[in-house]
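To start, the structure itself, in structure tokens.
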Amino acid sequence: MNVTPGYPRRNPCLSFWLQHTRNSLLQEHRTTETLPGKADVTIIGSGLSGAATAYFLLTTGPEDKRPKSVVLLEAREACDGATARNGGHCRPDCYRDYRHYKANFGQEQAFKIIQNEMDTLNLTEEIIAKEGIDCDFWRAFTYGVVSGAGIGWCVETDRGVVETEKVVYATSAFTATLLPEFLGHIYPFKGQCSAVVPPKAYAGKGDVSADAYSDYHRRDMQAYGDNKLKAPAIMADYLIQRPDGIIIFGGQRGSVPVERLLGNTDDTHADPERTAALREALPRHFEGWPKEDLAEGEGLAHAWTGECPHVSCFPYVGELQDKPGAFICAGHHGHGTRFPSFFCAALE
Ligand SMILES: Cc1cc2nc3c(=O)[nH]c(=O)nc-3n(C[C@H](O)[C@H](O)[C@H](O)COP(=O)(O)OP(=O)(O)OC[C@H]3O[C@@H](n4cnc5c(N)ncnc54)[C@H](O)[C@@H]3O)c2cc1C
């Protein structure tokens, strides 16, 4: 996959989460009228990676070592990339990836990775409480089926140039546009998710239980077998049920040719074929979910898409080779929100 991803599109579709931020003060927010000409640190990208980098730079370590000025640049709205389009899980992968980690790095390291993921979840909860962040965060079951220039750098934007001592690339799937050395290492992969209003059988006391989901898993694996598809990582479905009952359900990768997903940076609309596959998956796999005769307003209410960066294993975090003062925090793929690297961005 050696095609430059370009830049984020101007008119992305709205996810379920973004539909609920239309009156946010962060819409089209700019802290300063004109772009500051200089900064100690410039971060490109305002998703979890960029936002966490800014947060920790400004709040951790001895005060006299903290940067005096941090500029956060974003091509679209604040947090408008994968961070605003995901399935809402921040789930340590205690089971699914353990075997993979162990095979690659040994048992001890595998335990450490999973412990790190657990620590990240705890830290996320701590920060939300400490900063009084008003957001939907709750502990619940989640279900996953399968598994240089003078002072340093000049960052050119269409609003001017920022001279900066340090620059952080938090540009996710679009990293290779600015850093061509990542061509073929970080590339876009289109994810899709949906919000589903459950029928009565899965509402109220009948919400999605771990039993129902493991049944889903069993049937889905059976379907993989029947279709002679190679499990896992074909459909890679996942879901959470929100306290208001709405199910956030994503995946169904295998329902469209992979060429439609790899390198595709068009997040302006959900793929109708994949939406149909998501719509059909729950009635097929959940006992008692009516295949027809849903009441108006029940069923798949909204589908959206987003760019996941695809990498072979772990994200890239740290200073770039032969580029002193330039750092990367990118490549957090479809299981990205639990990566501790979001919180390891303190720059030396
Ligand atoms: C459909 C979908 C479902 C997912 N589900 C889950 C899930 O349930 N659990 C989980 O843990 N993870 C999930 N993920 C993955 C998770 O969302 C990502 O790992 C995480 O959000 C990555 O954060 P980030 O800050 O690195 O990237 P992003 O949030 O994509 O942020 C990168 C930002 O950089 C900006 N940018 C890029 N290039 C430039 C440029 N040249 N100039 C200025 N700005 C630029 C983009 O506009 C974007 O806002 C999902 C992803 C998708 C797409």
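The values are calculated or read from the model by the stated rules, or taken from the named source; none is laboratory data. Keep in mind that what you see is a predicted model, and the values were worked out from it rather than measured. All Cβ positions, even for glycine, are placed from backbone atoms using ideal geometry, and neighbour counts span all protein chains on display.
Looking only at segment 30-63, which residues are over 21 Å from E163 (Cα atoms) and away from the ligand (no atom under 16 Å from the Cβ)? Matches in segment 30-63: T59, T60, G61, P62, E63. Of the residues making up segment 295-310, just one is within 16 Å of the ligand (Cβ to nearest atom) and either over 30 Å from N264 (Cβ atoms) or among the aromatic types (F, W, Y) (or both), namely W304. For W304, state whether it is in contact with a Leu (Cβ under 8 Å, 6 or more places away or on another chain) and not in a strand (DSSP E or B). No, not satisfied.
All conditions but one from (1) modelled with pLDDT under 95; (2) away from the ligand (no atom under 13 Å from the Cβ) apply to L26; the one that does not is (2).
A residue that is surrounded by 13 or more Cβ atoms within 10 Å (Cβ to Cβ) and in contact with a Ser or Thr (Cβ under 6 Å, 6 or more places away or on another chain) cannot be found anywhere in segment 15-36.
Filter segment 313-323 down to the residues that are away from the ligand (no atom under 16 Å from the Cβ) and touching a strand residue (DSSP E or B) at 6+ places or on another chain (Cβ under 8 Å) and list them by number.
Answer for segment 313-323, where residues must be away from the ligand (no atom under 16 Å from the Cβ) and touching a strand residue (DSSP E or B) at 6+ places or on another chain (Cβ under 8 Å): just E319.
I'd like the residue in segment 237-293 that is of a type in the set (S, T, N, Q) and part of a loop (DSSP other than H, G, I, E, B) and, out of all such residues, is modelled with the lowest pLDDT. Only one residue tops the list, namely Q252. Restricting segment 17-40 to residues that are closer than 18 Å to R159 by Cβ and of a type in the set (K, R), the residue that is nearest to the chain's Cα centre (by Cα) is R30.
Every residue, every condition in (1) within 11 Å of the ligand (Cβ to nearest atom); (2) buried (at least 20 other Cβ atoms within 10 Å of the Cβ); (3) hydroxyl-bearing (S, T, Y); (4) within 29 Å of A201 (Cβ to Cβ), yes or no:
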residue	(1), (2), (3), (4)
F249	yes, yes, no, yes
S255	no, no, yes, yes
E259	no, no, no, no
D266	no, no, no, no
E273	no, no, no, yes
A277	no, yes, no, yes
P283	no, no, no, yes
G288	no, no, no, yes
D293	no, no, no, yes
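For M1, which of the numbered conditions (1) within 16 Å of the ligand (Cβ to nearest atom); (2) within 27 Å of Y187 (Cα to Cα) fails to hold? Of (1) within 16 Å of the ligand (Cβ to nearest atom); (2) within 27 Å of Y187 (Cα to Cα), only one is false for M1: (1). Residue count for segment 295-319, restricted to those that are surrounded by 17 or more Cβ atoms within 10 Å (Cβ to Cβ), under 30 Å from Y101 (Cβ atoms) and out of contact with any Lys or Arg (no Cβ under 8 Å at 6 or more places or on another chain): 6. If we scan segment 8-25, do we find a residue that is touching a Lys or Arg at 6+ places or on another chain (Cβ under 6 Å) and outside the structural domain of G81 (by TED's automatic domain parsing)? Yes, segment 8-25 contains at least one residue that is touching a Lys or Arg at 6+ places or on another chain (Cβ under 6 Å) and outside the structural domain of G81 (by TED's automatic domain parsing). The combined condition, being away from the ligand (no atom under 16 Å from the Cβ) and among the hydroxyl-bearing types (S, T, Y), is not fulfilled by T83.
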